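The values are calculated or read from the model by the stated rules, or taken from the named source; none is laboratory data. These numbers were taken from a predicted model, which means no experiment stands behind them. Cβ sites come from the backbone with ideal geometry, for glycine too, and all protein chains shown count toward neighbours. SASA here: full protein model, heavy atoms, side chains in, ligands and nucleic acids out. Shrake-Rupley method; radii C 1.70, N 1.55, O 1.52, S 1.80 Å.
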Amino acid sequence: MKKIYPDAGAALDGLLADGMTICAGGFGLCGIPERLIDAIRDSGVTGLTVVSNNAGIDNEGLGKLLRTRQIRKMISSYVGENKEFERQYLAGELEVEFCPQGTLAERCRAGGAGIPGFYTKTGVGTQVAEGKEHKAFDGETYILERGIRADLSIVKGWKADESGNLVFRKTARNFNQPMATAGRICVAEVQEIVPVGSLDPDCIHLPSIYVKRMVLGAPYDKKIEFRTTRQREAA
Amino acid sequence: MPWDRNQMAARAAQELRDGYYVNLGIGIPTLVANNIPAGMEVTLQSENGMLGIGPFPYEDEVDPDLINAGKQTISELPSSSYFGSEQSFAMIRGGHIDLTVLGAMEVSEKGDIANWMIPGKMVKGMGGAMDLVAGVKKIIVVMEHNSKGGDPKFIPECTLPLTGKNVVDMIITDLAVFHRPDHASPFRLIELAPGVGAEDVRAKTTAHYEG
(Lines give C-alpha, C1' and ligand atoms only; values in the text may rest on other atoms or scores of the structure.)
Protein backbone atom coordinates (compact mmCIF):
# COMPACT_ATOMS: atom_id res chain seq x y z
CA MET A 1 0.00 0.00 0.00
CA LYS A 2 1.43 3.29 -1.03
CA LYS A 3 1.17 5.95 1.69
CA ILE A 4 2.99 8.78 -0.05
CA TYR A 5 0.82 11.41 -1.75
CA PRO A 6 2.02 14.13 -4.14
CA ASP A 7 0.73 17.06 -2.08
CA ALA A 8 -1.22 17.90 1.06
CA GLY A 9 -4.51 18.34 -0.80
CA ALA A 10 -4.20 14.87 -2.32
CA ALA A 11 -3.26 13.40 1.05
CA LEU A 12 -6.51 14.74 2.55
CA ASP A 13 -8.69 13.84 -0.45
CA GLY A 14 -11.88 12.10 0.67
CA LEU A 15 -11.12 12.56 4.36
CA LEU A 16 -12.68 15.96 5.02
CA ALA A 17 -16.30 16.66 5.92
CA ASP A 18 -18.14 19.59 7.47
CA GLY A 19 -18.55 19.28 11.25
CA MET A 20 -15.74 16.79 11.70
CA THR A 21 -13.29 16.62 14.62
CA ILE A 22 -9.57 17.00 13.88
CA CYS A 23 -6.64 16.40 16.24
CA ALA A 24 -3.68 18.59 15.29
CA GLY A 25 -0.10 18.25 16.57
CA GLY A 26 2.24 21.07 17.48
CA PHE A 27 3.09 23.37 20.38
CA GLY A 28 2.87 27.05 19.56
CA LEU A 29 4.22 27.19 16.02
CA CYS A 30 6.72 24.39 16.70
CA GLY A 31 5.96 21.14 14.88
CA ILE A 32 2.64 22.26 13.43
CA PRO A 33 1.33 20.47 10.31
CA GLU A 34 1.29 23.66 8.27
CA ARG A 35 0.91 22.19 4.78
CA LEU A 36 -2.08 20.14 5.89
CA ILE A 37 -3.61 23.17 7.61
CA ASP A 38 -3.24 25.11 4.34
CA ALA A 39 -4.89 22.26 2.45
CA ILE A 40 -7.79 22.16 4.91
CA ARG A 41 -8.23 25.90 4.43
CA ASP A 42 -8.21 25.50 0.66
CA SER A 43 -10.79 22.68 0.84
CA GLY A 44 -13.34 25.07 2.38
CA VAL A 45 -14.53 22.43 4.88
CA THR A 46 -16.32 24.12 7.77
CA GLY A 47 -17.87 23.68 11.24
CA LEU A 48 -14.69 21.98 12.47
CA THR A 49 -13.91 20.97 16.03
CA VAL A 50 -10.13 21.17 16.37
CA VAL A 51 -8.25 19.54 19.24
CA SER A 52 -4.90 21.28 19.53
CA ASN A 53 -2.83 22.55 22.43
CA ASN A 54 -2.77 26.05 20.90
CA ALA A 55 -4.70 27.89 18.22
CA GLY A 56 -1.80 29.32 16.22
CA ILE A 57 -1.26 33.05 15.97
CA ASP A 58 -2.79 35.52 13.55
CA ASN A 59 -2.16 34.21 10.04
CA GLU A 60 -0.01 31.29 11.17
CA GLY A 61 -0.96 27.71 11.92
CA LEU A 62 -4.58 27.20 12.97
CA GLY A 63 -4.92 31.00 12.96
CA LYS A 64 -5.45 30.58 9.20
CA LEU A 65 -8.53 28.40 9.74
CA LEU A 66 -9.85 30.82 12.34
CA ARG A 67 -9.51 33.70 9.92
CA THR A 68 -11.61 31.84 7.34
CA ARG A 69 -14.06 30.87 10.13
CA GLN A 70 -13.84 27.18 9.35
CA ILE A 71 -13.46 26.30 13.04
CA ARG A 72 -16.57 26.09 15.20
CA LYS A 73 -14.93 24.82 18.37
CA MET A 74 -11.41 24.56 19.82
CA ILE A 75 -10.31 22.17 22.55
CA SER A 76 -7.04 23.67 23.80
CA SER A 77 -4.99 24.42 26.90
CA TYR A 78 -3.64 27.82 25.92
CA VAL A 79 -4.73 30.09 23.11
CA GLY A 80 -2.19 32.85 23.65
CA GLU A 81 -1.63 35.79 21.42
CA ASN A 82 -4.23 35.63 18.68
CA LYS A 83 -6.38 38.68 17.96
CA GLU A 84 -8.80 37.01 15.57
CA PHE A 85 -9.32 34.18 18.05
CA GLU A 86 -10.02 36.71 20.78
CA ARG A 87 -12.50 38.62 18.63
CA GLN A 88 -14.46 35.51 17.61
CA TYR A 89 -14.41 34.13 21.14
CA LEU A 90 -15.64 37.35 22.76
CA ALA A 91 -18.32 37.71 20.06
CA GLY A 92 -19.54 34.21 20.86
CA GLU A 93 -18.78 32.97 17.35
CA LEU A 94 -16.24 30.42 18.49
CA GLU A 95 -16.71 27.80 21.18
CA VAL A 96 -13.69 27.00 23.34
CA GLU A 97 -13.19 24.12 25.74
CA PHE A 98 -10.17 24.78 27.92
CA CYS A 99 -8.45 21.59 28.98
CA PRO A 100 -5.31 21.39 31.15
CA GLN A 101 -2.33 20.60 28.94
CA GLY A 102 -1.42 17.29 30.51
CA THR A 103 -5.05 16.20 30.59
CA LEU A 104 -5.34 17.10 26.90
CA ALA A 105 -2.27 15.04 26.02
CA GLU A 106 -3.53 12.10 28.05
CA ARG A 107 -7.07 12.35 26.65
CA CYS A 108 -5.62 11.93 23.17
CA ARG A 109 -3.18 9.22 24.20
CA ALA A 110 -5.98 7.36 26.00
CA GLY A 111 -8.44 7.77 23.13
CA GLY A 112 -5.88 6.40 20.71
CA ALA A 113 -5.11 3.52 23.08
CA GLY A 114 -8.76 2.46 23.38
CA ILE A 115 -9.23 3.89 26.86
CA PRO A 116 -12.51 5.85 27.02
CA GLY A 117 -11.76 7.59 30.31
CA PHE A 118 -9.24 7.92 33.11
CA TYR A 119 -9.00 9.49 36.56
CA THR A 120 -6.62 12.36 37.28
CA LYS A 121 -5.88 14.75 40.13
CA THR A 122 -5.38 17.61 37.68
CA GLY A 123 -8.15 20.18 38.03
CA VAL A 124 -9.70 18.84 41.23
CA GLY A 125 -11.29 21.76 43.11
CA THR A 126 -11.30 23.99 39.99
CA GLN A 127 -13.77 24.89 37.24
CA VAL A 128 -12.34 22.03 35.20
CA ALA A 129 -13.82 19.53 37.66
CA GLU A 130 -17.37 20.89 37.46
CA GLY A 131 -19.86 18.29 36.30
CA LYS A 132 -17.27 15.50 36.24
CA GLU A 133 -17.35 12.30 38.26
CA HIS A 134 -15.19 12.46 41.41
CA LYS A 135 -13.71 9.33 42.89
CA ALA A 136 -11.36 8.71 45.82
CA PHE A 137 -8.38 6.38 45.46
CA ASP A 138 -6.16 5.76 48.48
CA GLY A 139 -7.54 8.85 50.23
CA GLU A 140 -7.02 11.26 47.30
CA THR A 141 -9.72 12.72 45.08
CA TYR A 142 -9.58 12.33 41.30
CA ILE A 143 -11.85 13.36 38.44
CA LEU A 144 -12.91 11.35 35.42
CA GLU A 145 -11.65 12.70 32.09
CA ARG A 146 -12.72 11.27 28.74
CA GLY A 147 -10.43 9.93 26.06
CA ILE A 148 -10.62 11.76 22.74
CA ARG A 149 -11.20 10.05 19.40
CA ALA A 150 -11.14 12.25 16.34
CA ASP A 151 -12.19 11.70 12.74
CA LEU A 152 -8.76 12.78 11.55
CA SER A 153 -5.31 13.47 12.95
CA ILE A 154 -2.85 15.79 11.26
CA VAL A 155 0.77 15.76 12.42
CA LYS A 156 4.20 16.87 11.37
CA GLY A 157 7.26 14.65 11.50
CA TRP A 158 10.89 15.14 10.67
CA LYS A 159 11.86 11.95 8.84
CA ALA A 160 9.66 9.15 7.63
CA ASP A 161 10.52 5.98 5.82
CA GLU A 162 8.34 4.92 2.90
CA SER A 163 6.33 2.60 5.14
CA GLY A 164 5.30 5.47 7.44
CA ASN A 165 7.62 4.99 10.39
CA LEU A 166 8.17 8.44 11.80
CA VAL A 167 10.90 10.26 13.66
CA PHE A 168 10.35 13.68 15.19
CA ARG A 169 12.99 16.30 15.87
CA LYS A 170 13.74 17.90 19.26
CA THR A 171 10.78 19.73 20.84
CA ALA A 172 8.83 19.60 17.57
CA ARG A 173 7.62 16.17 18.75
CA ASN A 174 5.33 17.58 21.47
CA PHE A 175 1.65 16.85 20.79
CA ASN A 176 2.31 15.20 17.43
CA GLN A 177 2.88 11.88 19.12
CA PRO A 178 -0.38 11.56 21.11
CA MET A 179 -2.45 13.34 18.45
CA ALA A 180 -1.32 10.89 15.76
CA THR A 181 -2.90 8.01 17.65
CA ALA A 182 -6.24 9.67 18.46
CA GLY A 183 -7.62 9.98 14.93
CA ARG A 184 -9.42 7.23 13.05
CA ILE A 185 -7.00 8.11 10.29
CA CYS A 186 -3.74 10.01 10.59
CA VAL A 187 -2.12 12.05 7.84
CA ALA A 188 1.48 13.12 8.39
CA GLU A 189 3.58 15.72 6.64
CA VAL A 190 7.32 15.31 6.95
CA GLN A 191 10.52 17.11 6.07
CA GLU A 192 12.16 14.10 4.49
CA ILE A 193 11.11 10.68 3.23
CA VAL A 194 13.83 8.04 3.23
CA PRO A 195 13.85 4.47 1.84
CA VAL A 196 12.66 1.63 4.04
CA GLY A 197 15.63 0.33 6.00
CA SER A 198 17.28 3.73 6.45
CA LEU A 199 15.85 4.36 9.92
CA ASP A 200 17.00 2.39 12.96
CA PRO A 201 13.95 0.35 14.06
CA ASP A 202 15.00 0.97 17.67
CA CYS A 203 14.72 4.72 17.19
CA ILE A 204 11.24 5.06 15.65
CA HIS A 205 9.07 7.53 17.60
CA LEU A 206 5.79 6.74 15.86
CA PRO A 207 5.36 3.27 14.35
CA SER A 208 3.95 3.11 10.81
CA ILE A 209 0.66 1.56 11.93
CA TYR A 210 -0.55 5.02 12.98
CA VAL A 211 0.40 6.81 9.75
CA LYS A 212 -2.00 6.07 6.90
CA ARG A 213 -1.01 8.82 4.49
CA MET A 214 2.06 11.00 4.11
CA VAL A 215 3.19 14.00 2.18
CA LEU A 216 6.60 15.59 1.80
CA GLY A 217 6.10 19.13 3.11
CA ALA A 218 9.61 20.54 2.60
CA PRO A 219 10.97 23.09 2.08
CA TYR A 220 9.77 24.71 5.30
CA ASP A 221 10.21 28.24 6.48
CA LYS A 222 9.79 27.50 10.19
CA LYS A 223 8.51 30.34 12.28
CA ILE A 224 9.84 31.35 15.70
CA GLU A 225 7.52 33.04 18.20
CA PHE A 226 10.16 34.39 20.59
CA ARG A 227 13.71 34.49 19.34
CA THR A 228 15.91 34.55 22.44
CA THR A 229 19.71 34.33 22.18
CA ARG A 230 22.88 34.96 24.17
CA GLN A 231 26.08 36.71 23.16
CA ARG A 232 29.37 34.93 22.69
CA GLU A 233 31.88 36.19 25.21
CA ALA A 234 34.83 37.94 23.60
CA ALA A 235 37.79 35.58 23.24
CA MET B 1 14.48 47.09 50.91
CA PRO B 2 12.08 44.66 49.26
CA TRP B 3 13.63 41.99 47.04
CA ASP B 4 13.67 42.70 43.32
CA ARG B 5 12.62 40.10 40.73
CA ASN B 6 16.06 38.56 40.50
CA GLN B 7 16.49 38.43 44.28
CA MET B 8 13.12 36.69 44.60
CA ALA B 9 14.30 34.16 42.03
CA ALA B 10 17.59 33.76 43.91
CA ARG B 11 15.64 33.07 47.11
CA ALA B 12 13.62 30.41 45.31
CA ALA B 13 16.88 28.91 44.03
CA GLN B 14 17.92 28.28 47.65
CA GLU B 15 15.23 25.57 47.71
CA LEU B 16 16.99 23.59 44.95
CA ARG B 17 18.86 20.44 45.92
CA ASP B 18 21.48 18.45 44.07
CA GLY B 19 19.87 15.99 41.69
CA TYR B 20 16.51 17.75 41.54
CA TYR B 21 14.31 17.70 38.43
CA VAL B 22 12.58 21.08 38.26
CA ASN B 23 9.94 22.83 36.16
CA LEU B 24 10.00 26.63 36.06
CA GLY B 25 7.02 28.78 35.13
CA ILE B 26 7.10 31.86 32.93
CA GLY B 27 8.21 35.28 34.29
CA ILE B 28 10.14 35.57 37.57
CA PRO B 29 10.32 31.74 37.94
CA THR B 30 12.36 31.56 34.71
CA LEU B 31 15.04 33.67 36.43
CA VAL B 32 15.59 30.85 38.93
CA ALA B 33 17.61 29.12 36.19
CA ASN B 34 20.23 31.90 36.40
CA ASN B 35 20.62 31.34 40.13
CA ILE B 36 21.35 27.61 40.38
CA PRO B 37 24.23 27.27 42.90
CA ALA B 38 27.57 26.41 41.28
CA GLY B 39 28.37 22.71 41.43
CA MET B 40 24.75 21.69 41.94
CA GLU B 41 23.22 19.40 39.35
CA VAL B 42 19.66 20.49 38.60
CA THR B 43 17.77 19.27 35.52
CA LEU B 44 15.13 21.61 34.12
CA GLN B 45 12.02 20.17 32.51
CA SER B 46 10.09 21.90 29.77
CA GLU B 47 6.51 20.67 29.51
CA ASN B 48 6.53 20.75 25.70
CA GLY B 49 8.76 17.70 25.89
CA MET B 50 12.33 18.13 27.10
CA LEU B 51 14.53 17.35 30.07
CA GLY B 52 17.77 19.26 30.40
CA ILE B 53 17.09 22.78 29.16
CA GLY B 54 20.27 24.56 28.11
CA PRO B 55 20.88 28.33 27.95
CA PHE B 56 19.54 30.56 25.20
CA PRO B 57 21.33 29.67 21.94
CA TYR B 58 23.97 31.73 20.20
CA GLU B 59 22.55 33.66 17.27
CA ASP B 60 23.89 31.13 14.74
CA GLU B 61 22.51 28.15 16.69
CA VAL B 62 18.87 29.24 16.88
CA ASP B 63 16.65 26.28 15.97
CA PRO B 64 12.87 26.66 15.46
CA ASP B 65 12.46 23.00 16.52
CA LEU B 66 13.99 23.73 19.92
CA ILE B 67 11.87 25.92 22.18
CA ASN B 68 10.77 26.01 25.82
CA ALA B 69 7.18 26.09 27.08
CA GLY B 70 7.27 29.90 26.82
CA LYS B 71 7.98 29.41 23.08
CA GLN B 72 11.44 30.96 23.44
CA THR B 73 14.37 29.46 21.54
CA ILE B 74 16.70 27.48 23.82
CA SER B 75 19.63 25.07 23.48
CA GLU B 76 20.22 21.46 24.48
CA LEU B 77 22.79 19.91 26.83
CA PRO B 78 24.75 16.67 26.38
CA SER B 79 22.38 15.11 28.97
CA SER B 80 19.13 16.37 27.37
CA SER B 81 16.28 14.15 26.24
CA TYR B 82 13.16 14.79 24.19
CA PHE B 83 9.73 13.18 24.42
CA GLY B 84 6.09 13.76 23.54
CA SER B 85 3.58 15.81 25.54
CA GLU B 86 1.92 12.65 26.91
CA GLN B 87 5.25 11.50 28.38
CA SER B 88 6.04 15.00 29.62
CA PHE B 89 2.86 15.14 31.66
CA ALA B 90 3.16 11.55 32.76
CA MET B 91 6.32 12.59 34.59
CA ILE B 92 4.61 15.70 35.96
CA ARG B 93 1.36 14.01 36.99
CA GLY B 94 3.17 10.92 38.21
CA GLY B 95 5.06 12.86 40.89
CA HIS B 96 8.50 12.48 39.29
CA ILE B 97 9.29 16.21 39.22
CA ASP B 98 10.75 17.38 42.53
CA LEU B 99 9.94 21.07 42.44
CA THR B 100 8.07 23.68 40.44
CA VAL B 101 8.27 27.45 40.77
CA LEU B 102 5.21 29.32 39.52
CA GLY B 103 3.81 32.82 39.48
CA ALA B 104 0.36 33.55 40.91
CA MET B 105 -2.33 36.20 41.05
CA GLU B 106 -3.61 34.97 44.43
CA VAL B 107 -2.68 32.37 47.04
CA SER B 108 -4.96 31.54 49.96
CA GLU B 109 -3.96 30.74 53.52
CA LYS B 110 -5.06 27.15 52.81
CA GLY B 111 -2.61 26.85 49.93
CA ASP B 112 -5.07 27.35 47.08
CA ILE B 113 -3.60 29.06 44.01
CA ALA B 114 -5.23 31.16 41.31
CA ASN B 115 -3.10 32.06 38.31
CA TRP B 116 -4.97 31.35 35.09
CA MET B 117 -8.02 33.52 34.60
CA ILE B 118 -9.71 36.78 35.54
CA PRO B 119 -13.47 36.64 34.90
CA GLY B 120 -14.55 39.26 32.39
CA LYS B 121 -11.08 39.47 30.85
CA MET B 122 -9.84 37.48 27.90
CA VAL B 123 -9.12 33.92 29.01
CA LYS B 124 -5.99 32.46 27.47
CA GLY B 125 -6.10 29.10 29.19
CA MET B 126 -4.36 27.28 31.98
CA GLY B 127 -1.67 25.63 29.87
CA GLY B 128 0.17 23.13 32.06
CA ALA B 129 -0.30 24.97 35.37
CA MET B 130 -3.11 22.78 36.71
CA ASP B 131 -1.13 19.63 35.93
CA LEU B 132 1.98 21.02 37.61
CA VAL B 133 0.27 22.02 40.86
CA ALA B 134 -1.54 18.67 40.98
CA GLY B 135 1.49 16.48 40.31
CA VAL B 136 4.79 18.05 41.35
CA LYS B 137 6.16 17.17 44.80
CA LYS B 138 6.86 20.71 45.98
CA ILE B 139 5.11 23.88 44.79
CA ILE B 140 6.76 27.27 45.30
CA VAL B 141 4.91 30.44 44.35
CA VAL B 142 6.92 33.55 43.57
CA MET B 143 4.84 36.72 43.36
CA GLU B 144 4.71 40.38 44.35
CA HIS B 145 3.32 40.71 47.87
CA ASN B 146 0.65 43.15 46.72
CA SER B 147 -1.03 43.84 43.41
CA LYS B 148 -0.24 46.99 41.44
CA GLY B 149 -3.31 48.52 43.12
CA GLY B 150 -1.88 47.64 46.54
CA ASP B 151 -4.25 44.77 47.30
CA PRO B 152 -2.90 41.76 49.22
CA LYS B 153 -2.33 38.63 47.10
CA PHE B 154 -1.82 36.23 50.03
CA ILE B 155 -5.40 36.21 51.28
CA PRO B 156 -7.89 34.14 53.33
CA GLU B 157 -9.77 32.78 50.28
CA CYS B 158 -8.98 33.17 46.59
CA THR B 159 -11.48 35.35 44.76
CA LEU B 160 -10.34 34.25 41.29
CA PRO B 161 -11.00 30.83 39.73
CA LEU B 162 -8.55 28.30 41.16
CA THR B 163 -5.68 26.56 39.43
CA GLY B 164 -5.34 24.11 42.33
CA LYS B 165 -6.73 23.56 45.80
CA ASN B 166 -4.47 23.12 48.84
CA VAL B 167 -1.31 22.62 46.79
CA VAL B 168 1.17 25.44 47.63
CA ASP B 169 4.10 24.65 49.96
CA MET B 170 6.01 27.93 49.94
CA ILE B 171 5.34 31.56 48.98
CA ILE B 172 8.17 33.94 48.15
CA THR B 173 7.15 37.59 47.75
CA ASP B 174 9.21 40.74 47.46
CA LEU B 175 8.76 41.20 51.22
CA ALA B 176 8.86 37.78 52.86
CA VAL B 177 8.90 33.99 52.68
CA PHE B 178 6.07 31.79 54.02
CA HIS B 179 6.35 28.05 54.33
CA ARG B 180 4.35 25.12 55.63
CA PRO B 181 5.74 21.65 56.30
CA ASP B 182 2.65 19.82 55.04
CA HIS B 183 -0.76 20.52 53.54
CA ALA B 184 -2.58 20.28 56.90
CA SER B 185 -0.47 22.98 58.57
CA PRO B 186 -0.83 26.76 58.37
CA PHE B 187 1.82 28.87 56.65
CA ARG B 188 4.54 30.34 58.83
CA LEU B 189 6.53 33.50 58.14
CA ILE B 190 10.10 32.22 58.00
CA GLU B 191 12.05 35.07 56.45
CA LEU B 192 11.88 38.81 55.75
CA ALA B 193 13.52 40.77 52.97
CA PRO B 194 16.31 42.95 54.38
CA GLY B 195 14.93 46.01 56.14
CA VAL B 196 11.33 44.81 55.97
CA GLY B 197 9.58 44.54 59.33
CA ALA B 198 7.25 41.73 60.39
CA GLU B 199 4.59 44.34 61.28
CA ASP B 200 4.85 45.78 57.79
CA VAL B 201 4.22 42.33 56.28
CA ARG B 202 1.33 41.77 58.69
CA ALA B 203 -0.22 45.08 57.67
CA LYS B 204 0.00 44.17 53.97
CA THR B 205 -1.38 40.64 54.32
CA THR B 206 -4.94 39.49 54.96
CA ALA B 207 -4.17 35.75 55.09
CA HIS B 208 -3.70 34.11 58.47
CA TYR B 209 -0.17 32.84 59.05
CA GLU B 210 2.00 32.01 62.03
CA GLY B 211 5.22 33.60 63.19
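Restricting to DSSP loop positions (anything but H, G, I, E, B) with no more than 15 other Cβ atoms inside 10 Å of their own Cβ, which chymotrypsin sites (Phe, Trp or Tyr not before Pro) remain in region A:175-225?
Numbers: sites: A:PHE175, A:TYR210, A:TYR220; in loops: A:PHE175, A:TYR220.
In loop regions of region A:175-225 (DSSP not H, G, I, E or B), the sparsely surrounded chymotrypsin sites (Phe, Trp or Tyr not before Pro) are A:TYR220.
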Exercise. Roughly what would the spin-label model give for B:ALA38 and A:ASP58, points 7 Å off Cα along C-beta, in nm?
Worked result: 4.7
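Based on DSSP, what percent of beta bridges with both residues in chain A are antiparallel, to the nearest 5?
Counting DSSP beta bridges with both partners in chain A, the antiparallel share is about 30 percent.
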Problem set entry | Note, ³J(HN,Hα) from phi for region A:147-161, Karplus 6.51, -1.76, 1.60, rounded to Hz, x at Gly and Pro | x, 10, 10, 10, 6, 8, 10, 10, 9, 10, x, 8, 10, 10, 8
Problem set entry | Where only alpha carbons of chain A are counted, the Rg and the Dmax (Å) | 18.5, 62
For this session: Taking just the C-alpha trace of region A:33-98, give me its Rg and Dmax in Å.
Result: 10.5, 29
For this session: Provide a list, ordered by number, of residues in region B:123-155 showing at least 20 Å² less accessible area with every protein chain present than when their chain is taken on its own, using a 1.4 Å probe.
Result: B:VAL123, B:LYS124, B:GLY125, B:MET126, B:GLY127, B:MET130, B:ASP131, B:ALA134
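Compute the FRET efficiency between A:ASP38 and B:GLU191 as 1/(1 + (r/R0)^6), taking r as their Cβ-Cβ distance and R0 = 45 Å, and round to the nearest 0.05.
The formula returns an efficiency of 0.25 here.
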Seminar exercise, completed: For region A:151-232, the accessible surface attributable to carbon and sulfur atoms (probe 1.4 angstrom, ligands and nucleic acids excluded) amounts in percent to 49
Seminar exercise, completed: Taking N as the residue count of the protein assembly as shown, its alpha carbon Rg divided by 2.2 N^0.38 Å gives 1.01
For this session: Enumerate the amide H contacts of A:CYS186 below 5 Å, restricted to partners 5 or more residues apart or on another chain; note that Pro and chain-start residues carry no placed amide H.
Result: A:SER153, A:LYS212, A:ARG213
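As a test of the definition: with a 1.4 Å probe, what buried accessible area, both sides summed, do you compute for A against B, in Å² to the nearest 100?
4400
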Exercise. Want the number for A:ALA17 to A:ARG146: 0.36 nm per residue separation, take away the alpha-carbon distance, what's left?
Worked result: 44.1 nm
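Scan chain A and note any complete DSSP helix (H) whose C-alpha atoms cover at least 24 Å along its axis and whose Kyte-Doolittle average is -0.5 or more.
None pass (Cα extent of 24 Å or more, hydropathy at least -0.5).
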For this session: With unit charges on the beta carbon (Lys/Arg positive, Asp/Glu negative), name the residue among B:MET1, A:GLY44, B:SER75 whose Cα is farthest towards the positive pole of the charge dipole of the protein assembly as shown.
Result: A:GLY44
For this session: Can you give me the P(r) profile for region B:136-211? Cα pairs, bins 5 angstrom wide beginning at 0, each as a whole percent.
Result: 3, 14, 28, 28, 17, 7, 2
Exercise. What is the ratio of the Cα radius of gyration of chain B to 2.2 N^0.38 Å, where N is its residue count, to two decimals?
Worked result: 1.02
